[in-house]
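Enquirer: I have a structure I would like to understand better, so I am pasting it below and will then ask my questions one at a time.
The values are calculated or read from the model by the stated rules, or taken from the named source; none is laboratory data. Remember, predicted model here, so these are calculated numbers, not experimental data. A quick note on method: Cβ atoms are made from the backbone with ideal geometry, for glycine too, and the neighbour counts reach across all protein chains shown.
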Amino acid sequence: MISMTALHSASDVDAVPKLSARKIVHVDMDAFYASVEQRDDPGLKGKPVVVAWRGNRSVVCAASYEARRFGVRSAMPAIHAERLCPEAIFIPPDFTRYKAVSRAVRDILKQHTDLIEPLSLDEAYLDVTKNKTGLPTATWVATTIRRQIDEELHLTASAGVAPNKFLAKIASDWRKPNGLFVIQPKDVATFLLPLVVGRIPGVGKVTEARLKRMGVLTVSDLQTLDLPALEEQFGRYGMRLYELARGIDRSEVVPDRPTKSISAEDTFERDIPLAETEELIRRLAEKVWISSQKDSRVARTVILKLKTTEFNILTRSHTPSVPPASCEEITSIALSLRERIDLSSSQRFRLVGVGLSNFREREGQQSTLFETQLPENSSEPLA
């Protein structure tokens, strides 16, 4: 059943500037890998499914909503997921099958617009300011897309409709799973200001903690900080925070934007010596490997990033003669790059990251748009 919600009129519309006339839809498949497994094996329906390789060093690729009720989330260690949900059914990921389903979703999206920007196999932005099917509103387009995915692929998708990408992405998560949420231009302030700052893209746990120490808990609090203060604390990202707090996102939907790099990083709870980074490097390497499988291309370069206690950033990279073809290869290269850090054994590190770059097309294979991990002012209605 499709759920459509529009916000009530903003009480303080002047808190945000008038937004562009764009009509953006963010489509996000619900628990995609796990849902495909449940669809293809009816015996899995209604059961806690975890898509992951078993093992102490494996991470969760996806979890069904039945598993999520136990606290299981993607990217968490698989052994932790098993402790949270002992009854979970673990299934090794089948990216070939997921990519085929993703292409079928893409075919549905292409019926409505050519302006499609993929984020991964299971989500994409659409600019439907002008749509190919002549539907009168963006809400109608999103409703039709979700119905087609349900009827043709027997899967569910959630969608957000808004005047820009930033708001559309937040909206698509508002009624998950299998929901639709609409943010009208005139309602941006009502929606945005009460949100906790952690809902802003790019605000992770570390940034959220820094903002909290500054007395900033909500977007409304964030609006009280002027641009110089934000830039002093967060550098270039300060400008981005300043604009997003006011509902401003000028980035366009860019079709077929090629992925330049994929990376994952984490900050330690306490600064540690280099010798103690292996476990996290292994976990991050697997996360990066899983993300890379959402791309039709192959990455040739492995990158290791470390940040010292003094906030100095060190990077090391290696491009083997043959692109790494497994998680084990990426992990091995990342760990070998660690040996190229020539610092005192007393040096401590606060962050480590693993990345892939230098993407190339696989021989004999064409990319698909769902395979890849910022005008005039108007308040024209979306719905």
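Enquirer: Considering only residues that are closer than 15 Å to SER263 by Cα and of a type outside the set (A, V, I, L, M, F, W, C), look in segment 304-323 and name the one that is surrounded by the fewest Cβ atoms within 10 Å (Cβ to Cβ).
Expert: Out of the qualifying residues, it is THR315.
Enquirer: Being hydrophobic (A, V, I, L, M, F, W, C), in contact with a helix residue (DSSP H, G or I) (Cβ under 8 Å, 6 or more places away or on another chain) and within 21 Å of ASP266 (Cβ to Cβ) is the filter here; which residues of segment 51-92 pass it?
Expert: Those that are hydrophobic (A, V, I, L, M, F, W, C), in contact with a helix residue (DSSP H, G or I) (Cβ under 8 Å, 6 or more places away or on another chain) and within 21 Å of ASP266 (Cβ to Cβ): ALA52, TRP53, VAL59, VAL60, CYS61, ALA62, ALA63, VAL72, ALA75, ALA81.
Enquirer: If we scan segment 241-255, do we find a residue that is over 30 Å from ALA189 (Cβ atoms) and either assigned by TED's automatic domain parsing to the domain that holds SER102 or not basic (Lys, Arg) (or both)?
Expert: At the first step, the residues of segment 241-255 found to be over 30 Å from ALA189 (Cβ atoms) are 255.
From what is left, the residues that are either assigned by TED's automatic domain parsing to the domain that holds SER102 or not basic (Lys, Arg) (or both) are 255.
Yes, segment 241-255 has at least one match.
Enquirer: Of all residues being farther than 30 Å from PRO93 by Cα and among the small types (Gly, Ala, Ser) in segment 118-143, which is modelled with the lowest pLDDT? Just the residue, please.
Expert: GLY134
Enquirer: Still on this structure, please answer the following. Scan segment 177-185 and give yes if some residue there is over 21 Å from LYS110 (Cβ atoms), in a helix (DSSP H, G or I) and within 18 Å of the chain's Cα centre (by Cα), otherwise no.
Expert: No, every residue in segment 177-185 fails to be over 21 Å from LYS110 (Cβ atoms), in a helix (DSSP H, G or I) and within 18 Å of the chain's Cα centre (by Cα).
Enquirer: Please enumerate the residues belonging to segment 44-69 that are over 13 Å from ILE290 (Cβ atoms) and either aromatic (Phe, Trp, Tyr) or assigned by TED's automatic domain parsing to the domain that holds GLU278 (or both).
Expert: The one that is over 13 Å from ILE290 (Cβ atoms) and either aromatic (Phe, Trp, Tyr) or assigned by TED's automatic domain parsing to the domain that holds GLU278 (or both): TYR65.
Enquirer: How many residues, within segment 90-113, are out of contact with any Leu (no Cβ under 7 Å at 6 or more places or on another chain), of a type outside the set (Val, Ile, Thr) and part of a helix (DSSP H, G or I)?
Expert: 6
Enquirer: Any residue that is at pLDDT below 50 and either assigned to a loop (DSSP other than H, G, I, E, B) or within 27 Å of the chain's Cα centre (by Cα) (or both) - is there at least one of those in segment 18-37?
Expert: yes
Enquirer: Let me ask another. Could you list, in sequence order, the residues of segment 217-253 that are loosely packed, with under 15 Cβ neighbours inside 10 Å, modelled with pLDDT of 90 or more and under 28 Å from ASN358 (Cα atoms)?
Expert: Residues satisfying the conditions are ARG250, SER251.
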